[in-house]
Amino acid sequence: MDPILTAHVHEPNSYTLDFYLQHGGYEALKAALAKKPDEIIELVKASGLRGRGGAGFPTGMKWQFVDKKIEPRYIVCNADESEPGTFKDHLLMERNPHLLIEGCAIGCYAIGAKVAYIYIRGEFFHVQHVLERAIDEAYGRGFLGKNILGSGFDCDIYVHRGAGAYEAGEETALLESLEGKRAQPRNKPPFPALVGLYGKPTAVNNVETLCNVPLIVLKGAEWYASVGPEKNGGPKLYCVSGHVRRPGVYEDSMHITLRQLVEERGGGVREGRTLKAVIPGGSSVPILMPDQLDIPASFDAVQKAGSLLGSAAIVALDDTTCMVWLAENLLHFYRHESCGKCTPCREGTDWLFKILHKIERGEGQMRDLDLLQNIAGNIAGKTLCAFGDAAATPVLTTLKHFRHEYEAHVREGRCTLPASWRARQPVGAH
Amino acid sequence: MSFHPKMAYDATFHRSSRQLEDEGPPFAYTPENRARFDAIITRYPPDQRRSAVLPALYLAQHQQGYITANAIRHVAALLGITRADVEDVVSYYTMFYTRPVGKFVINVCRTLSCAVNGAERVTEALRETLRIAPGETDAAGTFTLVEVECLGACDRAPVVMVNDAWHESLRPEDVPKLIDDLRARGEAALSGCHHVVEGKSR
């Protein structure tokens, strides 16, 4: 499939309004404003668009659930792209920011919101500049602000910069952060569609999700659903990284297989190395083994194979990767990022990291393996948000597929891979 | 059976060490920053001034280099919330500094995709070149070295962020040259994000 969302991202000035207008920009907004808001929601529902942030929840349903009796309502765009291995929204915002702005405006019109906040992670400072400049341009030509294109519809978009918290990517934690508090999740229900930002009905959507909306309005729900397998329609951005020759963002339909993404698009592993494992959806999802990759990289197919598509962050790992080290690396991440609200996660991630560190150093005991399993099982499903399950996953999945590596660490009292192998050499050729 | 492993809870893990001992000099926004603040506050509903706490803190940090107790007081007064509310936020988010930092804060991404591409060695090279450990600032106050979690640039691993700008695909052997360049040319020495570079070069 030819790229759609990223068709022009590598051309100069692709981020400017003039470039965007030359390529059919804001036509979808015009078309949307000629319809009724409910028609837009029905259209998005019919298209089957599923959220691109990780959960794959149908966007049209989310918008329908927004309580239309309460004013004001909000669209909040989740641009806090922090899942390890994910860098697709970054590309969209930096090289095609007007697509996101158009998607936000259509979303606001559909749910009857007048304000959209784009919550961008603090580390994307250069992206924020591009986005804010694009928003200014859009105001200047009447695509944002009061009485947009003479339709009587008002819409303001503001960029809100985060300050370094992975947990802010969780939708209710993001709302807390936007309200000027710590990014810690709320108890659900009520979901943001009923009680969201400032207690008002709110739709929280990922950047890539909103970028798909203009396509649906322009080309129709039927066309959109026909791109890709049933219930997994539309173009999808995949982030391929790790031990591949050509890491990058690749756009395709969800017919493409994980193997094609790793070996054809990503260029496969280095000369003389073999593929050991693939994480198909960011660090929070279970590992797939090399013989499990001949499946479509769709939400449903990856779930059927025992993992999740998540944010479509595909991390390939070759035979130089020690899986105990991998679990330790990821638990360092989760320990650091745990927001501290729920005890099982706050304490458990620390315990897991320390035990993994001990095993990786060669000071572990066999019973530590059961202890890991036990602690991980006592975090997953026992926290307010999905972070707990995410933090337990790297431990459980490496124990499941690579228990022998853990045992070898304990038995031999050291990491069993040659020191010169372990995560030492740059791979990507740029 | 107890599930509780025997472990020392050391001060390095718990964030209780992040106290604001530093009152700092008297703090108020410069007129420019006050104007910026007044513009930012209009983005939020009038009864939700607290929403502006992150941008308000960024302004204070850019003005003074780090967040002091006096800066917290100023921000709290402007937003109509308590000092504790502001300190709560400052102590949670990693991008706010409560101690003076170097002119260049070098953040090395240490998470998976960067790690499998040699981020550990980049950190080692930085330690050797700067003669400081992660978390420390050199004696001249020029460089601070920090290890951070995923920066979202996994296709150009290993990536480092210097202040607010990126430097991509940094190899350990290139570290001494980068440090020299930073001293000589400042942030112009950085590669920047490759998307920005693509946009400018053609």
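Where a number appears in this text, it was derived from the coordinates with a stated rule and is not lab data. These figures come from a predicted structure and were not determined experimentally. Neighbour counts are summed over all protein chains in view; Cβ atoms, including those assigned to glycine, are modelled from backbone coordinates with ideal geometry.
A few notes on this one:
- A crude spin-label estimate for the pair A:S151 and B:T82, with each label 7 Å from Cα along the Cβ direction, gives 4.5 nm.
- The alpha-carbon of B:K177 sits under 26 angstrom from the alpha-carbons of these lysines, leaving out residues fewer than 8 places away in its chain: B:K103, B:K200.
- Among B:137-144, A:390-397, A:247-254, B:187-194, the peptide with the highest mean count of other Cβ atoms within 10 Å heads the list, and the full ranking is A:390-397, A:247-254, B:187-194, B:137-144.
- If both residues of a DSSP beta bridge must be in the range B:104-201, then about 50% of such bridges are antiparallel.
- The A:N13 and A:H357 beta-carbon pair, evaluated with R₀ = 51 Å, returns a calculated FRET efficiency of approximately 0.60.
- Per residue of B:142-154, other chain Cβ atoms within 10 Å of the residue Cβ number 6 on average.
- Backbone N within the range A:371-394 under 16 Å of label point (7 Å from A:K188 Cα along the Cβ vector): A:381-391
- Global geometry of the range B:15-92, whether rounded, prolate or oblate, following the gyration tensor of its Cα atoms and the 1.5 cut on a/c: oblate
- In order along the range A:333-341, phi translates into HN-Hα couplings of 4, 5, 4, 5, 8, 4, 6, x, 6 Hz, rounded to whole numbers, per the Karplus curve 6.51 cos²θ - 1.76 cosθ + 1.60 with θ = phi - 60° and x for Gly and Pro.
- Take the Cα of A:R367, go 7 Å toward its beta carbon, and the backbone nitrogen atoms of the range A:374-413 under 18 Å from that spot belong to A:374-376, A:407, A:410-411.
- Relative contact order of chain A, pairs being alpha-carbon contacts under 8 Å that are 6 or more residues apart, as %: 16
- Overall form of the range A:17-226 per C-alpha gyration tensor (a/c, 1.5; a/b vs b/c): rounded
- Taking amide H atoms as placed 1.01 Å from N in the peptide plane, the amide H of A:V204 lies under 5 Å from those of A:V76, each 5 or more residues away in sequence or on another chain.
- The value of relative contact order for the range A:17-226, using C-alpha pairs under 8 Å at least six residues apart, is 32 percent.
- q = 0.08, 0.12, 0.15 Å⁻¹: log10 I(q)/I(0) that the Debye formula gives for chain B, counting C-alpha atoms only: -0.35, -0.75, -1.06
- The relative contact order of chain B, computed from alpha carbon pairs under 8 Å that lie at least 6 residues apart in sequence, is 15 percent.
- At q = 0.08, 0.11 Å⁻¹, base-10 log of I(q)/I(0) for chain A (Debye sum, equal scatterers on each alpha carbon): -0.45, -0.83
- Projecting the Cα atoms of A:T320, A:G234, A:I359 onto the charge dipole of chain A, computed from C-beta unit charges around the Cα centre, puts A:I359 farthest toward the positive end.
- Put in line by how crowded their Cβ is, counting other Cβ atoms within 10 Å and starting with the fewest, A:I41, A:I295, A:I279 read A:I295, A:I41, A:I279.
- Calculated FRET efficiency, A:K114 to B:A28, Cβ-Cβ distance, R0 = 41 Å: about 0.75 to the nearest 0.05.
- Across the range A:110-121, coupling constants 3J(HN,Hα) worked out from phi with the 6.51/-1.76/1.60 Karplus curve, θ = phi - 60°, read 5, 9, x, 9, 10, 10, 10, 10, 9, 8, 10, 5 Hz, and Gly and Pro carry x.
- For B:45-57, mean number of other protein chain Cβ atoms within 10 Å: 4
- Distance between modelled label sites at A:K69 and B:T42, nm, 7 Å Cα→Cβ extension: 3.6
- Long-range HN-HN contacts of B:E147 with modeled amide H, under 5 Å: B:V108, B:G135
- Simple point charges give the picture: +1 on the Cβ of Lys and Arg, -1 on the Cβ of Asp and Glu, and for the protein assembly as shown a dipole about the Cα centre of about 660 debye.
- Alpha-carbon centroid distance for the pair the range B:74-94 / the range A:152-179, whole angstrom: 18
- Placing pseudo-labels 7 Å out from each Cα toward the beta carbon at A:R270 and A:R403 gives an inter-label distance of 3.2 nm.
- Viscosity 0.890 mPa s, temperature 25 °C, Stokes-Einstein D of the range A:301-417 from Kirkwood C-alpha radius, µm²/s: 169
- Per-residue HN-Hα couplings for the range A:39-50 [Karplus 6.51, -1.76, 1.60; θ = phi - 60°; Hz; x = Gly/Pro]: 5, 5, 4, 4, 4, 5, 4, 5, 6, x, 3, 10
- In this calculation the C-beta distance from B:R99 to A:A46 is compared with R0 = 56 Å, giving a FRET efficiency of 0.55.
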